[in-house]
């Protein structure tokens, strides 16, 4: 719509059609209509809804909403149109010479029909090949007649490299511009009208853009809106997510917003969340204010809409008089399963694919290897138990010990203080103002009427010296029996010549690289410090060739197997656990884990995917040496909060380990 355009429409309000006048003025759409409660609720649910009756300047009885694609989508629905029609059409058929599975054909047809959507397909189901099919099909049909037509791929840094290899592997006719999410955000910040808007964009691992307030999420939405504005229905927006059922259902809202603004009715993630779960305000012990707490998700009709408890909970009682009108006791009110309903609401925009439903892959087999600690390691563990004052510190120190090293911070110099800039003093509230400043706090901000006097005082960061120290981290190695297990593992798969091992620290990764070289293996290190390929003599190797040598389905695999007979992939789960294909290894060893559950799941599926050896299958092994190994493992498997582990509980487990060692030594 153009600026200052007036549009007369009729919108549905219950069983009746009501006249409404829309006036488009800049970034706002002003909605003029006679009072109607249903229409007001519809307007309030839209993006940027505002009642202007309380404006300080020029108050007037009119509602306005943001002039945005999502609001025009909803206006079309209210006027009797069907904005969802594009997602209800039968999928088009297409021909391909590539060996696609049925679910890959369905994903490709989905985007070729709708031009925008989300593939919520588990890792290893072949989303990248479907993306390649889409861009090659569009090229073949339309020939990209405009010289400025472009394709963009946006994904995690590991994905940028891996998808580049897939494009070569499948002989794609198109070479997209490749961006990390940080790179895309930077590109759009420096955007000019002279730069071409891509006709096709793919957001890989689209969970990265789930938070509406994140810069990369806002950049993704802005880019998608540019494509819709310029190409109308001829642009393509593809989102690929490896998480078909996220732990937090609200993760879907902004991903759907990028693909098709307005597809989900709620105009904000807050309104969306309010529909999906029961929220109560809880007092913050830190700020004195309050914060919204999720009591429960509405994922079952057996949960009460009022309290969130199950139907048979003791709090539900029909006869209130028995309890003297106790406000806590109430009748059960069945809730609506909004989580299950959400997947119906997203039908057409989102395709959900689980590996078990479309691929006949062997089940993952899990194995835990328990290792007996050495005397020196137990002594170090006792020292950690004695010195640690916080559970998290104790856990991290114990994890480092278990992996055979300790981080040390060495002072290497000084620099001007980051707070005072070397001036040695900062402005601070006077000491006698502290009571006035923090009297009866209700929020994390001072009261508006607080009278705060400031005075110069010694900088709290540098203590008035104007300088702060510069530290450099040093890794000090100690012995660990995990090394022997890793060496035995490499020896056992020497005939296969491919192995994958994960470490939860950079120090762990460095140690594993050194051990693998000592055993005569070439290594590919991926741990957030770049991709580094080396042979057993530490000479550099081509990292891309080594990645191809870890992919059993790569067309040059046999030649690369001859060129690189023994390759060990060594990665950190949070850096190397996304977008890579490592199907040549039948074993994954977690020397240690990181704390992130998503990284663990992603890392496991690097080998468990299309192209793996179905006869060998996949064994996933974890090493347990000290209690920290098991704590982190349980946290990942059971979603256990580490904060729930008390320091006393942790120290007690170390004492059990010491006692068991003494009993074994004494032959009991």
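Values in this text are rule-based calculations from the coordinates and carry no lab data. Predicted, not measured: the structure shown is a model, and the values here were computed from it. Using ideal geometry, Cβ is built from the backbone for each residue, glycine included, and neighbour counts are taken over all protein chains shown.
The table for this structure:
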read-out: Extension gain, residue 93 back to residue 52 (0.36 nm per residue minus Cα-Cα distance, nm); value: 9.7 nm
read-out: Whole-number D in µm²/s for the stretch 164-309 (Stokes-Einstein; Kirkwood sum over Cα pairs; 25 °C, 0.890 mPa s); value: 137 µm²/s
read-out: Range of Cα positions in the chain per principal axis (Å), largest first; value: 87, 77, 66
read-out: Value of [θ]222 nm, deg cm²/dmol, for the chain, DSSP H segments ≥ 4, -39500 (n - 2.57) each, nearest 500; value: -10000 deg cm²/dmol
read-out: For the stretch 158-246, Kirkwood radius (reciprocal of mean inverse C-alpha pair distance, Å); value: 14.2 Å
read-out: Overall dimensions of the stretch 509-564 as given by Cα atoms, namely Rg and Dmax in Å; value: 11.3, 32
read-out: Additional length obtainable on full extension of the chain from residue 225 to residue 76, 0.36 nm per residue less Cα span; value: 51.9 nm
read-out: Residues 358, 568 arranged by fewest to most Cβ contacts within 10 Å; value: 358, 568
read-out: Gyration tensor (alpha-carbon) shape descriptor, the stretch 91-264, a/c threshold 1.5; value: rounded
read-out: Neighbour-count ranking [beta-carbon atoms within 10 angstrom, fewest first] of 419, 377; value: 419, 377
read-out: Computed E for residue 419/residue 32 - FRET, C-beta separation, R0 60 angstrom, nearest 0.05; value: 0.65
read-out: Separation between Cα centres of the stretch 95-174 and the stretch 458-494, rounded to whole Å; value: 41 Å
read-out: Separation in nanometres of the label points that stand 7 Å from Cα toward Cβ, at residue 293 and residue 615; value: 5.7 nm
read-out: Taking the C-alpha atoms of the stretch 5-83, convex hull volume expressed per residue in Å³; value: 92 Å³
